[in-house]
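Comments concern the structure below.
The values are calculated or read from the model by the stated rules, or taken from the named source; none is laboratory data. On a predicted model such as this, the values are computed, not experimentally measured, just so you know. Cβ atoms come from the backbone with ideal geometry, glycine included; neighbour counts cover every protein chain shown. With ligands, DNA and RNA removed, areas are computed over all heavy atoms of the protein, side chains included. Shrake-Rupley method; radii C 1.70, N 1.55, O 1.52, S 1.80 Å.
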Amino acid sequence: MRSVRSVTGRAVRAAGLLASAAALAFAGGMAGAGTAVADSPSPSASASDGGDAAKGPTEAGTSFRTATPLALDQRATASASTGDYLYWVLPADAGQRVTVKAKVSLPESARHGTATWQLDVYDGLRRRQACRYGVQTKAASQDASTVELSCALRTVRGWSEQWANDPLPGNYYVRLTAVGLPAEDAGQPVQVEVQASGSDAGGAQAVDGKLSAPLVPGAGAASPEPQPSSSAQQPAADGAPDGGWSSGWWSDRWVWTAVGGVLAALAGVGGYRMTRGAGRPAHLPPGACPSRRPPRAAAVGFPRPGRPARAPPQV
């Protein structure tokens with residue numbers, strides 16, 4: 001029979017091995033979570049905080065068709081008049097969380113009342129997208145000098161049902177305008193800054209599917225439509241991001257699947273070491289074989305149930 005001390009020692013060693021593996025996996029998960037938290041945008045940040053952001057376009061479009069192309073992590077500026085509709089277009093890929101921020105510098109001249117500004121984001125199908133957090137609509141008092149707006153979109157999904165309103169890979173249109181304005185203040189000059197940033201949501205938001213084509217202009221047409229030759233209109237960009245559109249098959253779920261397989265293997269090894277036999281018991285002599293039992297003596301004179309008793313042999 002195995003000694004209690006040897007079994008306890010093996011159990012302790014196996015438990016220590018499993019605890020070390022779990023601690024390593026937990027440390028890796030916390031590091032990834034810390035990176036995701038550090039990369040996630042803050043709703044209180046200002047659009048002018050990105051001083052190191054790459055310089056973007058210096059004008060804005062006036063409609064969806066003439067939206068000015070804008071890349072992620074770029075800062076676009078524009079000079080406009082109060083009451084104009086300003087449009088930008090930017091690409092967003094699957095697994096990204098895009099945050100759009102806008103800052104409007106109001107004129108120093110006297111204004112006649114409160115002006116309400118609004119920031120809207122539309123997907124490639126021109127469906128208005130909801131924001132996870134941020135201030136989309138804000139009223140500027142008569143003596144305010146700036147208005148800051150922000151919109152953090154939901155995670156872009158690689159695939160979705162037709163009835164759902166989930167954000168899908170493709171172009172996203174940003175529209176900035178004043179929705180509430182005194183008639184006397186219309187046409188006053190304003191300066192606008194818009195910046196879009198994106199972060200990777202990771203495999204937790206991955207889906208088992210892929211969109212056949214990104215939602216960009218001309219994706220479903222056999223041939224692209226000719227653009228107007230007027231130099232005043234600038235067609236919206238339908239190009240892919242800098243790294244190209246994602247293939248849709250890779251995510252960090254593969255890493256966690258491999259980690260889970262290693263932990264399962266370690267748990268199996270530890271369970272086997274805890275439950276296997278210890279070999280020859282210590283109290284048996286070297287020549288004895290614990291697996292063999294002495295033969296039982298034949299019972300004489302005791303009949304089995306259902307059989308007649310046999311007489312002993314005659315000598």
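A few comments on the model shown:
- Per-residue extension of 0.36 nm, minus the Cα-Cα distance of residue 137 and residue 108, leaves a gain of 8.3 nm for this segment.
- Net charge contributed by nearby residues that have their C-beta within less than 14 Å of residue 77 (K/R +1, D/E -1): +2
- Each part gets one Cα centre, and for region 55-81 versus region 91-158 those centres are 14 Å apart.
- Extension gain, residue 200-residue 54: 0.36 nm per intervening residue step, less the Cα-Cα distance, totals 50.6 nm.
- Length-normalised contact order of region 85-219 in % [C-alpha pairs under 8 Å, at least 6 apart]: 39
- DSSP-assigned coil residues among GluC sites (Glu not before Pro) in region 105-185, each with at most 15 further Cβ atoms within 10 Å: 108, 161
- Computed log₁₀ I(q)/I(0) - Debye formula, equal Cα scatterers, no solvent, region 106-182, q 0.14, 0.22, 0.24, 0.25 Å⁻¹: -0.55, -0.95, -1.07, -1.13
- Once the 1.4 Å probe is applied to the protein heavy atoms, region 109-186 comes out at 46 Å² accessible per residue.
- Overall, region 155-200 carries a charge dipole of about 120 debye about its Cα centre when +1 sits on the Cβ of Lys and Arg and -1 on the Cβ of Asp and Glu, all other atoms neutral.
- In a fully extended conformation the segment linking residue 213 and residue 145 would gain 20.1 nm over its present Cα-Cα distance, using 0.36 nm per residue.
- The lysines within cross-link reach of residue 101, meaning a Cα-to-Cα straight distance under 24 Å and a gap of 8 or more places when in the same chain, are 55, 138.
- Kirkwood-Stokes translational diffusion coefficient of region 55-190, alpha-carbon pairs, 10 °C, 1.306 mPa s, µm²/s: 102
- A simple spin-label model places the labels of residue 116 and residue 166 3.3 nm from each other, with each point 7 Å out along Cα-to-Cβ.
- Ranked packing of 168-175, 63-70, most packed first, by mean Cβ within 10 Å: 168-175, 63-70
- Pairwise label distance in nanometres, residue 64 with residue 257, each label 7 Å out on the Cα-Cβ vector: 3.8
- Ranked by the mean number of other Cβ atoms within 10 Å of their residues, highest first, the peptides 91-98, 176-183, 254-261, 153-160 come out as 91-98, 153-160, 176-183, 254-261.
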